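What follows is a short report on a single structure.
Read-outs throughout are calculated quantities, based only on the coordinates presented, and are distinct from any laboratory measurement. As the structure is a computational prediction, the values presented were derived from the model and not from experiment. Virtual Cβ from ideal backbone geometry, glycine too; neighbours counted across all protein chains shown.
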Amino acid sequence: MRAAETTARPLTTVPSWSDLESGVERAREQLSFPEPDYENGPANSYALEEKRIPYTIEKINMQCYGDKPAEFLAKVPSGLLPVLEVGGRVFTESAVIQEVLEQLYPEIPLLPQPGTQEHGRAAGLMRLERRLFSDWLQWLCRGGWNVQGNRRAFCKTMEAVDDALRATPGPFFLESGLSLVDLTFAPFLERIAASMVYYKGFVVRGQGRWPGIDAWFEAMEARDSYRGFKSDYYTHCHDLPPQLGGCTSERGSEEAAAAIDGGAWRLPLQPLAADYAYEAHSPGDDPERDALTAAARLVSNRAAVVPFALRGASQGARRTARAHLSDPGRPSAQDPDGAVDAALRCVAGALLSGTETAAAPVAPSEQAADTVRQSLSYMRDRICVPRDLPLPAARQLRAHLNWAINGLIMHGSA
């Protein structure tokens, strides 16, 4: 059982990165928890995982987060995402990519045969998905006099989706089981669940309002292919506005927004569950393994993480992209007496052993303390799911960064 967020207490030494690497390996052996392969799956793309197609991931930012790499634009002048490259050929747009995968890898089909009743049903459901997408954006992005009308239209379409799911004997849209219909709905239903509670105070999951949709989410979250690609509410609610041109908040959403924006990132963390309004996740969590996952990623990526965190204390270039949390041109600040590096080692140690016995971060001066707080806060607010960590592990890292920020000790004050 992991400790609650208690006041940090200084120990004589902060563990070295080498010590922490050894600690990660020992913990992996004790928990029989091998390191996952983050580059070759399961980490991305439902269809590739479900069809058991080997692949390699290349992460390309959207335009609102900064300029795209020149080598990517040489292949895809439009800059459109997602992109599939196979056999030297490049394909864009999700629907086209899905068709290509079905044609090239027919061994595990994800669509019914053309001409069958199931194929006709799949086509109708794809049209329903487009209707849902439209009604969701109408309510999410538009305020003004017709807000209640937009809400009613959204709820009516959600009822149609729920009816479609409840019309089959299983939890998925087609009787044959999971299909491209589910994979097409997945990213939008996931974003709907996050954005509606954050911007509208409207809880989609776990309330019994739409039992077919609740059952669908639980069935999807039981699959490795979905869990590996699933994002979290915080990431979605901050990546949607720069992509959509803005989202409109309504009265009554303040409590949910505050919790999702970090109010819930305190130890001990609220357990994840399907009916947890501020982060629905039916598989729940495993705090010890989740903390180990976070520690392992922090330790293995320290050479990049430390200078990234130090951007938070920089007085240099600020935002250069439309997304308010993205500033790719911002330089790193100097680390006074290595205080930020040491603080991140304290965080990794606390993730491995718990906060009760972990060394507390110590700042040798007020300037160093400010640098540590700014750096750790900057990093905490930019942890992205699933890019950086799976959902449960990201929560652990954010909460432990808060533990370090709140427990920072000035040299000679304890």
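Structure data summary
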| item | result |
| --- | --- |
| Within the chain, longest stretch clear of exposed trypsin sites (Lys or Arg not before Pro) (DSSP loop, no more than 10 other Cβ within 10 Å) | 60-250 |
| Length released on extending from SER176 to VAL147, taking residue separation times 0.36 nm less the Cα-Cα span | 6.6 nm |
| Among GLY143, GLY87, GLY124: highest mean-square fluctuation, GNM of the chain, C-alpha pairs under 10 Å | GLY87 |
| Residue order, fewest to most surrounding Cβ atoms within 10 angstrom, among TRP265, TRP17, TRP403, TRP145 | TRP145, TRP17, TRP265, TRP403 |
| Mean ellipticity per residue at 222 nm, deg cm²/dmol - from DSSP H runs of n ≥ 4 across the chain, formula -39500 (n - 2.57) | -15500 deg cm²/dmol |
| Label point distance in nm, ARG266-SER134, each placed 7 Å from Cα along Cα→Cβ | 4.5 |
| Length gained when the stretch ALA258-CYS384 is fully extended (0.36 nm per residue, less Cα-Cα span) | 43.6 nm |
| Selected from SER326, VAL306, TYR105, residue furthest toward positive end of dipole (the chain; charges at beta carbon) | SER326 |
| Highest-MSF residue in the chain out of ALA343, ALA258, ALA393 [GNM, Cα springs under 10 Å] | ALA258 |
| Neighbour cut-off at most 15 other Cβ (10 Å), DSSP loop, GluC sites (Glu not before Pro), the range 39-146 | GLU39, GLU58, GLU93, GLU107 |
| Reach of LYS59 by Cα under 24 Å, taken over lysines that are not fewer than 8 positions away in the same chain | LYS51, LYS68, LYS75, LYS230 |
| Placed amide H near VAL385: partners under 5 Å, 5+ positions off or other chain | ASP232, THR235 |
| Cβ-based net charge around GLY124, under 13 Å, with every Lys or Arg adding one and every Asp or Glu removing one | +1 |
| Principal axes of the chain: Cα extent on each, largest first, Å | 76, 52, 43 |
| Per-pair calculated FRET efficiency, R0 = 56 Å: SER16 and LYS156 via Cβ, rounded to 0.05 | 0.40 |
| The range 184-281: radius of gyration over Cα atoms, expressed as a fraction of 2.2 N^0.38 Å | 1.05 |
| Dipole magnitude of the chain about its Cα centre (Cβ charges: Lys, Arg +1; Asp, Glu -1), debye to nearest 20 | 1060 |
| Sites GLN243 and GLN207, calculated FRET efficiency, Cβ-Cβ separation with R0 41 Å, nearest 0.05 | 0.90 |
| Positive minus negative residues near TYR198 (Lys, Arg vs Asp, Glu; Cβ under 14 Å) | -4 |
